Amino acid sequence: MSKLILTHEVTGLGAPGDVIDVKNGYARNYLIPQGFAVAWSRGAEKQIEQIKAARAAREHATLEEAQALKAALEGATVRVLAKAGKEGRLFGSVTAADIADAVAAAGLGSIDKRKVELAGPIKAVGSHEATVRLREDLVAVIPLQVVAAK
């Protein structure tokens, strides 16, 4: 088992700054090369504090603000423009960054693209959903309307 410090949120493992134990192959082949984690050491306590401070700065300050943002996101349908062919299939797919940009363009507030989770790739126009983890204990489901760009 390898002891690691997460530098990014990994679904099912933890949040940035968490110390986790994972199998050696998972650490060596995925988490460390992707930049999601660094090896744990005794001198890493300072690094953990820096990661947690940066995470706290990115999180929404209070639970009330996060709940207000959740209500706004779930109450509105976000339009995402994407290039599409004649039958409604997209050239490429809608990414988390596209969704974060569309939320900001709709005037609903700013969300971190790393907090947007998609059930699968969005490759067609129409109605879809995305989830956003606003805080560790608060998740919002955003209704999306993918529209072909003219």
Which parts of segment 75-93 would a label at ALA106 reach, counting a residue when its backbone N lies under 15 Å from a point 7 Å out along Cα-to-Cβ? 75-82
Quick check: residue separation of LYS3 and LYS123 times 0.36 nm, minus the Cα distance between them. What number comes out in nm? 39.4 nm
Semi-axes of the equivalent ellipsoid for segment 63-148, Cα gyration tensor, largest first, Å: 24, 12, 10
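In the structure shown, do any of LYS23/LYS52; LYS70/LYS113; LYS52/LYS115 have a Cα-Cα gap over 19 Å, and if so which? The partial results should precede the final answer.
Numbers: LYS23/LYS52 24 Å; LYS70/LYS113 15 Å; LYS52/LYS115 16 Å.
Checking Cα-Cα distances, LYS23/LYS52 exceed 19 Å.
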Explain nothing, just the number: relative contact order of the chain, from Cα pairs under 8 Å at least 6 residues apart, as a whole percent. 20 percent
So for the pair GLN34, LEU81, with labels modelled 7 Å out along Cα→Cβ, what separation do we get in nm? 3.2 nm
Report Rg(Cα)/(2.2 N^0.38 Å) for segment 1-94, keeping two decimals. 1.52
To the nearest 20 debye, the chain has a Cα-centred charge dipole, built from +1 on Lys and Arg Cβ and -1 on Asp and Glu Cβ, of 580 debye
Could you work out how far the C-alpha centroid of segment 90-105 sits from that of segment 120-145, in angstrom? 11 Å
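Taking only DSSP H segments of four or more residues, each worth -39500 (n - 2.57), what value at 222 nm results for the chain once the sum is divided by all its residues, to the nearest 500 deg cm²/dmol?
Numbers: 3 runs with 37 residues, N = 150.
Helix-only estimate at 222 nm: -7500 deg cm²/dmol.
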Need one number: nm distance between label points at THR131 and ASP21, each 7 Å from Cα along Cα→Cβ, rounded to one decimal. 2.7 nm
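Express the relative contact order of segment 2-58 as a whole percentage, based on alpha carbon pairs under 8 Å and six or more residues apart in sequence.
Numbers: 73 pairs, mean separation 22.1, N = 57.
39 percent.
Every read-out reported here was derived from the displayed coordinates using simple, explicitly stated rules and does not represent laboratory data. What you see is a predicted model, and the numbers here were worked out from it, not measured in a lab. Here the Cβ is made from the backbone with ideal geometry for all residues, glycine too, and neighbour counts use every protein chain on show.
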